[in-house]
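Q: This is the structure I want to talk about, given as structure tokens.
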Amino acid sequence: MTSDHRESIMQANSPDEPILRDKFRRLAKTWRDETGMYSVDVKKIAHPAYREIIELGDQAIPLILADLEQHGGHWHHALEAILGYSPIKGDVKINLRELKERWLAWGREKGYLSQSM
């Protein structure tokens, strides 16, 4: 993704836009509430609210990253589906916490999140 593309996404569909932000929050809450008891990723990512978040496309990236930073969770599948990218190279197996940190580092590098922690 080019920086011009990222900037246009962030300007046109800013996480501060109330309608998008509220829709995302509602879907994320529904997803968490209805899948929190599952330990299997497949059940979490097949949920309709999760799929709807993915359908939001690029405009959901800053919202997903902010939610990941605040709450953690299984957002890596959504980010990979939207971006066609993974911060994990090859068949490396890592835990959910490390995966979260890699996505947050990517988000900071690309300007979706502030550099400070």
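Q: Counting pairs of alpha carbon atoms under 8 Å apart in space and at least six apart in sequence, what relative contact order in percent does the stretch 3-109 give?
A: Here the relative contact order equals 23 percent.
Q: In addition: What distance in nm lies between label points placed 7 Å from Cα along the C-beta direction at Arg25 and Ser39?
A: That separation, rounded to one decimal, is 3.3 nm.
Q: Could you point to the residue in Ser39, Leu27, Pro62 farthest towards the positive end of the stretch 3-109's charge dipole, with +1 and -1 charges on the Cβ of Lys/Arg and Asp/Glu respectively?
A: Sorting the options by dipole projection puts first Ser39.
Q: Place the peptides 76-83, 17-24 in order of packing, highest mean first, counting for every residue the other Cβ atoms within 10 Å and averaging per peptide.
A: Per-residue Cβ counts within 10 Å, averaged per peptide and sorted highest first, yield 76-83, 17-24.
Q: Kirkwood Rh, the stretch 3-109, all Cα pairs: how many Å?
A: 14.3 Å
FYI, it's all coordinate maths here, none of it is from the lab. Computed from a prediction, not measured in an experiment: that's the story for all the values here. Ideal geometry is used to build each Cβ from the backbone, glycine not excepted, and the neighbour counts take in all protein chains shown.
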